[in-house]
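The values are calculated or read from the model by the stated rules, or taken from the named source; none is laboratory data. Note that the structure is a prediction, hence the values are computed from the model and not measured. Counting neighbours? That spans all protein chains shown, and the Cβs are built from the backbone with ideal geometry, glycine included. These accessible areas exclude ligands, DNA and RNA; they are computed on the full protein's heavy atoms, side chains included. Shrake-Rupley method; radii C 1.70, N 1.55, O 1.52, S 1.80 Å.
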Amino acid sequence: MFSRLGSAFRQNARAYSTSAKAELSSNTKKAISSVVGITGLTLGYIVYQDSQTGKAMTAAEHGLQAPEYEWSHKGMFDSFDHASIRRGFQVYREVCSACHSLDRISWRNLVGVSHTASEAKAMAAEFEYDDEPDDQGNPRKRPGKLTDPIPGPYANEQAARAANGGALPPDLSLIIKARHGGCDYVFSLLTGYPEEPPAGVQLAPGANYNPYFPGGSIAMARVLFDDLVEYEDGTPASTSQEAKDVVTFLNWCSEPEHDERKKMGVKALLIVGSLYLLAVWTKKFKWTPIKHRKIVFNPPKPPKRR
């Protein structure tokens, strides 16, 4: 009798212990969930309050967002307009080269893109480059060659700053990649100069107003005007046409591999697509019978008893 009572007591104690552990585990989970929820709400409130008190830049401080234009080379399978590149180089040479350099572009890079080899050689020969000294050690000059870089307007940075009121004109070799907005930003900057700055805008002496430039105050004045250049092919030289052509040329300077890269991309898509179709065919006609085959095991029949 006592053994039965002891056994029943032990079973009740085990059941109570198990239920107590389950209840404790459930309460612990609830407490952890509550703490995590309260912590998340607190952090969310702190982030919200911080966002309400943050000081964002105004449109004038940041610069207007440049509109998005449909460039002829923007599509996946579109290449540069090489006639526009040639006209853009003419705009750069007659207008932009007075202040800006193209340190990463050589005369040979123009061959086959915008000019023939003879045209590039003739343009290079118009400039003189340092040559090896003579037998007495005196410096010599020689006509330019295709392998020479396109010369800049200034001998060094100090000369460039002295000629531009302390401002340093940037090199234009990678300007399209170096500016947020790329072609759209540079085109908007070149064509975005108003006749007069808005009322209340204070500019430093020698500065110019352009809403697309951060801060609105830019050292470069408006440089493109209607009929500023006379295109060789007879294209009307409006301000927007000149800006469009020089931006296309500068985009080519930033990405001279642009057309070749897209050609390689098309070839890669064709090869990968062919390999994908081959893989589908291989799986369907080669592996499907193996994958869906049914293996049946027939155990041997037991021998008959005699």
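Descriptive notes on the structure:
- Pair list, Cβ < 8 Å and 6+ apart or interchain, from the stretch 225-236 residues that are touching a residue at least 40 places away in the same chain (Cβ under 8 Å) to residues that are open to solvent by 100 Å² or more (accessible area, probe 1.4 Å) and not polar (S, T, N, Q): L228/E94; V229/E94
- A count restricted to the stretch 161-181 and to residues that are assigned to a helix (DSSP H, G or I), surrounded by fewer than 19 Cβ atoms within 10 Å (Cβ to Cβ) and under 29 Å from the mean Cα position of the chain (by Cα) stands at 2.
- Conditions (1) part of a loop (DSSP other than H, G, I, E, B); (2) open to solvent by 60 Å² or more (accessible area, probe 1.4 Å); number of the one not met by G152: (2)
- Restricting the first member to the stretch 84-109 and to residues that are open to solvent by less than 50 Å² (accessible area, probe 1.4 Å), and the second to residues that are among the hydroxyl-bearing types (S, T, Y) and assigned to a helix (DSSP H, G or I), the beta-carbon pairs closer than 7 Å and six or more apart or on different chains are S84/T248; I85/T248; G88/T248.
- Residues within the stretch 247-293 that are aromatic (F, W, Y) and surrounded by 11 or more Cβ atoms within 10 Å (Cβ to Cβ), tallied: 2
- For G215: the one exception among (1) surrounded by 10 or more Cβ atoms within 10 Å (Cβ to Cβ); (2) not in a loop (DSSP other than H, G, I, E, B): (2)
- Residue that is farthest from I105 (Cα to Cα), among those in the stretch 225-249 that are of a type in the set (A, V, I, L, M) and assigned to a helix (DSSP H, G or I): A243
- Residue list for the stretch 179-200, restricted to those being of a type in the set (A, V, I, L, M, F, W, C) and free of Cβ contacts under 8 Å to residues at least 24 places away in the same chain: A199
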